[in-house]
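The values are calculated or read from the model by the stated rules, or taken from the named source; none is laboratory data. In this text, all values refer to a predicted model and were calculated from it rather than measured experimentally. All Cβ positions, even for glycine, are placed from backbone atoms using ideal geometry, and neighbour counts span all protein chains on display. Please note that ligands, DNA and RNA were not included when accessible areas were found on the heavy atoms of the full protein model with its side chains. Shrake-Rupley method; radii C 1.70, N 1.55, O 1.52, S 1.80 Å.
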Amino acid sequence: MSNTPDYFQLFNLPRAFELEVAELMPRYRELQRQFHPDRFAAEPADIQRAAVQKAADINAAFAALKEPVARARHLLALAGHPVNIESATVSDTDFLMAQMDMREQLEEADDEAQLAGLREEAQEWLDNLGREFAIDYRESDWSEAADTVRKMQFMLRFIEEVREQEARLEDQEFD
Amino acid sequence: MALLQIAEPGQSTAPHQHRLAVGIDLGTTNSLVATVQSGKAKTLPDSAGRHLLPSVVRYFPDGERRVGTPAKAAASSDPLNTIVSVKRLMGRGIADVKRLGSELPYRFAGGEAGMPYLITAAGQKSPVQVSADILSVLRARAEAALGGELTGAVITVPAYFDEAQRQATKDAAQLAGIKLLRLLNEPTAAAVAYGLDQAAEGVHAIYDLGGGTFDISVLRLHKGVFEVLATGGDSALGGDDFDHAIAQWVLLQTGAANPDAQQQRELLDAACAAKEALTTGDTARFAFSGREFVLAKTEFENLIAPLAERTLKACRRALRDAGVKAEDIQDVVMVGGSTRVPLIREKVAGFFGREPLTSIDPDKVVAIGAAIQADVLAGNKPESDMLLLDVIPLSLGLETMGGLLEKIIPRNTTIPVAMAQEFTTFKDGQTAMSIHVLQGERELVADCRSLARFELQGIPPLVAGAARIRVAFQVDADGLLNVSAEETGSGVKSEITVKPSYGLADEDVARMLRESFQQAEADKHVRALAEEKVDGERLLVALDAALASDGDALLDAGEKAQIDAAMQELREAMAGHDVMLIRASVKALNAVSEPYAARRMNAGVQQALSGRRLDEIERD
């Protein structure tokens, strides 16, 4: 993956997991102000197409940098150790047990408070895993870092599922 | 000139004359055109002083057509030749139309590409042609008022319009001879009109209930940047449905199951008048097929309550997608004529816990916002800070094994966007792969909108799972999709700009354009030629300037020679009168200069942020 674009470079940031998400927004606006295709509406087609591509890169970079799991994956790709999320599995038994337990709780959860509790629990896991990843990354422990990213990915997906469940519950209330 | 702007974005180019640009709200019920004059956006009236143009076209046997008020007046006396609410048919297939068909008093003929054609006295008309006829009237109105040819127009579409509906709108603009600067989402346009008016900051919701479509958008405004956080809605829900609900209520009482087209139109007109009367009154009286009806406001509200609930459900989802709560919303802006219905205002006020804003005429607010953006895009305000960051309303993806949708770009992703996914072959020796592009949120392909199918051929025969097929999606700032597929080992490529299954094929557009050329005065060809020459000239000037500035630094000798040769070809073509040849030469030159433009863009990015501290950036 030698041609992975460097999103950190695009945003003029040091290549590191720790990052102030609040700092991204002003940079993002600055970049889009200059490269959005609307800035080139009166220009020839080649310029417009180049601007579309550039603005798409900026959007992709912003999306990847602000979300911790995507940011972690991007760092590993840049380091030449991309993670294949779909194929590999997690071997940490404690984590697997915890994950199964949370899944069961999600299936049984039928009120807002339970769901909110699960969401917060998963978020806490995610935050701790992020701190772990930062250490793995600094120490260039690629296999450990990849393992941590997979766990983060699981928690992220779990949070999404809780949100979907919350959405269904909310919609039911009004039907 | 043009390319130099990239390196020095702060500097404006040489002063130029004010370009005539307009914003067009192509509505279900009414359409409007607006422009910015002396710094103020205003809608343009016709010679009789009317701003709203009813979106109605009546066709006559001699091929003549009337658009607007006179056509609307004939809607019930000549229902089959008078096309009302054509926007509801834009970009839709025969099946969708049949679903709506019971309520629409038209006769349809199947077009070749699955496109429904309306059978009228003047022949078969596609919804795109009908829309183009409306746009032509607005264009003529604007050119008469502004005293010159339009440079271009921003045309608005519901945020929830899918790819096919957007493409159909773009085709209509082309057919009407309008240079489209941008397709702009209606709620975003309304936000621009309000945002610039009130210098508002923070998170806002735009509730847009028109004649045939409903949109809800959640936006964050910050220093001239309008960032759409989420959008949702229903592209087949609007004030028309309120009329249909009243019509159903009447039919239930009369027991008349199948009224003819004329009765249907009369009934819908009466229903619409009753709805409008209930905006201020408590009861509405009207007659239909010799009977007198009295509709109480409470009864009307019972009839439309489920429709109002449907809009609130979409609001809830949009807030969730945006990651905000109703109480975080600073202002709710009401757009669209249907937001005059008191029940809608009550429900929206109740949902968001605040009185919605209605200070700009809900019929005009979209056109005004579009005019403001058109002014910026045409280059009349080089120092403007305004920037609109919009999103795609529905997820885009591909069909995978088992008839399932694999999402490539999720809904509410900021555009422009480019994303790719790798797929592989599932049979040994497989040399072709069919790519089916879809749009929608449901898991099953059958529940999603099919946008296009194409085939990647010439994959080298390998064992199953060994080939790597990279499918790339790119959505531009108009929300239009381009899909390409490539086998990464061999580099076999296949690329299409998605022409949705229900849209017009390129040949259709070309044929219709030819027909309209033949119909009209001969100077249309001259105009097309002039436009191509302007495009070509602009490209040559831009490239000359760019090459002089950094051509030697960014290009090797071979690349430079290629560009020089293509420039020479274009110059020769422009000396002649062959529109197609000039167009082809512009295209060819664009193709060879594109990598160069991208390199210049990258060089510009490095300059943009380097050497600037964060606090400097934030202060802008």
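A few points about this structure:
- Within segment B:295-319, the residues that satisfy the criterion of being within 16 Å of B:ASP215 (Cα to Cα) and open to solvent by 70 Å² or more (accessible area, probe 1.4 Å) are B:ARG310, B:LYS313.
- Any hit, segment B:254-263, residues being buried (at least 20 other Cβ atoms within 10 Å of the Cβ) and either assigned to a helix (DSSP H, G or I) or not aromatic (Phe, Trp, Tyr) (or both): no
- For segment B:61-79, the set of residues classified as in contact (Cβ under 8 Å) with a residue 12 or more places away in the chain and open to solvent by 50 Å² or more (accessible area, probe 1.4 Å) consists of B:PRO61, B:ASP62, B:GLU64, B:ARG65, B:THR69, B:PRO70, B:LYS72, B:SER77, listed by residue number.
- Residue check, A:GLU112 surrounded by 14 or more Cβ atoms within 10 Å (Cβ to Cβ) and out of contact with any strand residue (DSSP E or B) (no Cβ under 6 Å at 6 or more places or on another chain): no
- Among residues of segment B:265-292, those that are surrounded by 20 or more Cβ atoms within 10 Å (Cβ to Cβ), in contact with a helix residue (DSSP H, G or I) (Cβ under 8 Å, 6 or more places away or on another chain) and not hydrophobic (A, V, I, L, M, F, W, C), counted: 1
- Filtered residues of segment B:527-547 (kept if of a type in the set (Asp, Glu) and surrounded by fewer than 17 Cβ atoms within 10 Å (Cβ to Cβ)): B:GLU531, B:GLU537, B:ASP544
Conditions (1) part of a loop (DSSP other than H, G, I, E, B); (2) touching a helix residue (DSSP H, G or I) at 6+ places or on another chain (Cβ under 7 Å); (3) open to solvent by less than 30 Å² (accessible area, probe 1.4 Å), marked per residue:
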{"site": "B:GLN124", "(1), (2), (3)": "no, no, no"}
{"site": "B:VAL128", "(1), (2), (3)": "no, yes, yes"}
{"site": "B:ASP133", "(1), (2), (3)": "no, no, yes"}
{"site": "B:VAL137", "(1), (2), (3)": "no, no, no"}
{"site": "B:GLU143", "(1), (2), (3)": "no, no, no"}
{"site": "B:GLU149", "(1), (2), (3)": "yes, yes, no"}
{"site": "B:ILE155", "(1), (2), (3)": "no, yes, yes"}
{"site": "B:GLN167", "(1), (2), (3)": "no, no, yes"}
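- Filtering segment B:298-323 to residues that are more than 21 Å from B:GLU186 (Cβ to Cβ) and either under 23 Å from the mean Cα position of the chain (by Cα) or not in a helix (DSSP H, G or I) (or both) leaves only B:GLY323.
- Subset of segment B:395-411 [touching a residue at least 60 places away in the same chain (Cβ under 8 Å) and open to solvent by 30 Å² or more (accessible area, probe 1.4 Å)]: B:ARG411
- Qualifying residue in segment B:192-203 (condition: among the small types (Gly, Ala, Ser), open to solvent by less than 10 Å² (accessible area, probe 1.4 Å), closer than 14 Å to B:ASP478 by Cβ and in contact (Cβ under 8 Å) with a residue 24 or more places away in the chain): no
Yes/no per residue for (1) at pLDDT below 85; (2) under 19 Å from A:GLN48 (Cβ atoms); (3) under 30 Å from the mean Cα position of the chain (by Cα):
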| position | (1), (2), (3) |
| --- | --- |
| B:LYS524 | yes, no, yes |
| B:ALA530 | yes, no, yes |
| B:LYS560 | no, no, no |
| B:MET574 | no, no, no |
| B:LEU581 | yes, no, yes |
| B:ALA588 | no, yes, yes |
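- Test: residue in segment A:140-154 that is over 30 Å from B:PRO306 (Cα atoms), assigned to a helix (DSSP H, G or I) and open to solvent by 80 Å² or more (accessible area, probe 1.4 Å): yes
- Some residue of segment A:75-97 being open to solvent by less than 10 Å² (accessible area, probe 1.4 Å) and either without any contact (Cβ under 8 Å) to a residue 24 or more places away in the chain or over 15 Å from A:TYR7 (Cα atoms) (or both): yes
- Test result for A:THR93, more than 8 Å from chain B (Cβ to nearest Cβ) and more than 18 Å from the chain's Cα centre (by Cα): yes
- Sole exception among (1) within 14 Å of chain A (Cβ to nearest Cβ); (2) closer than 21 Å to B:TYR160 by Cα; (3) open to solvent by 10 Å² or more (accessible area, probe 1.4 Å) for B:ALA370, by number: (3)
- Screening A:GLU107, A:GLU120, A:GLU164 for residues that are within 14 Å of chain B (Cβ to nearest Cβ) and farther than 30 Å from A:PRO14 by Cβ leaves exactly one candidate, A:GLU164.
- In segment B:32-46, the residues that are β-branched (Val, Ile, Thr) form Cβ pairs under 6 Å with partners that are in a loop (DSSP other than H, G, I, E, B) and modelled with pLDDT of 95 or more, at six or more places apart or across chains, as follows: B:VAL33/B:LEU44; B:THR43/B:HIS51.
- Residues of segment B:327-359 satisfying the condition of being part of a loop (DSSP other than H, G, I, E, B), out of contact with any strand residue (DSSP E or B) (no Cβ under 6 Å at 6 or more places or on another chain) and open to solvent by 30 Å² or more (accessible area, probe 1.4 Å): B:GLY353, B:ARG354, B:GLU355, B:SER359
- If only residues of segment B:592-604 that are open to solvent by 20 Å² or more (accessible area, probe 1.4 Å) and facing chain A (nearest Cβ under 8 Å) are counted, the one that is modelled with the lowest pLDDT is B:ASN602.
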